[in-house]
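Bear in mind these aren't lab numbers, they're just calculated from the coordinates by the rules spelled out. The structure displayed is predicted, hence computed values, not measured ones. Glycine also receives a Cβ, built like all others from the backbone with ideal geometry; neighbour counts cover every protein chain displayed.
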């Protein structure tokens, strides 16, 4: 089970994390987790380019190692990048030092002050440990979760998820992964076209 719209009380409980941003006007912060990988990441880059949209890519270190040319394409297109651990670790089930070491391994390939914990699962002790290493680290969560990773979710319902729940300053999560591609391929061009027609703009974090 997952929540499409993050409730205010969860944001308040983890108030030191970034859930959404203040925005003057109609601005959305699109984010993409789990890449870069062939086929999917280039598809995302092409859609963003068509609409002159900027986004933030939270990359898995092992995928950057495997596909450095795609990582360079993301950066060359002017998008923001963030660390998503080296092996997509779930913080709640991982010892703190192992979690830190995995973050640091990814940091060697993804130099960034932005970090998103895989699955949004991170212990308070892990937050302290990461920030002890990098005080300026911004841990980024989300305001709207598209659900594109959900194999039981239809593309149409996924599109409805994002169109219904976005507001100015929303941080929206998509995934440039094979698992999400059936829904992402349908949703992303339609959502961006709809938002663009209504005057929304898209920025990196």
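Assorted remarks:
- Fewest neighbouring Cβ atoms within 10 Å first, the residues 137, 163 line up as 163, 137.
- Cα-based helix-to-principal-axis angle, 181-197 vs the chain, degrees rounded to 10: 60
- Cα gyration tensor shape of region 72-149, rounded if a/c is under 1.5, else prolate or oblate by comparing a/b with b/c: oblate
- Gyration tensor verdict on region 1-87 (Cα atoms; rounded if a/c is under 1.5, prolate if a/b is larger than b/c, oblate otherwise): oblate
- GNM result for the chain, Cα springs below 10 Å: residue of 176, 24, 33 fluctuating most strongly: 24
- Gyration tensor (alpha-carbon) shape descriptor, region 140-197, a/c threshold 1.5: oblate
- Helix 96-107 axis, angle to the chain major axis (alpha carbon atoms, nearest 10°): 60
- Region 31-198 - share of DSSP beta bridges that are antiparallel (%, nearest 5): 0
- With Cα atoms, 0 to 90° folded angle of helix 124-133 axis to the chain main axis: 80
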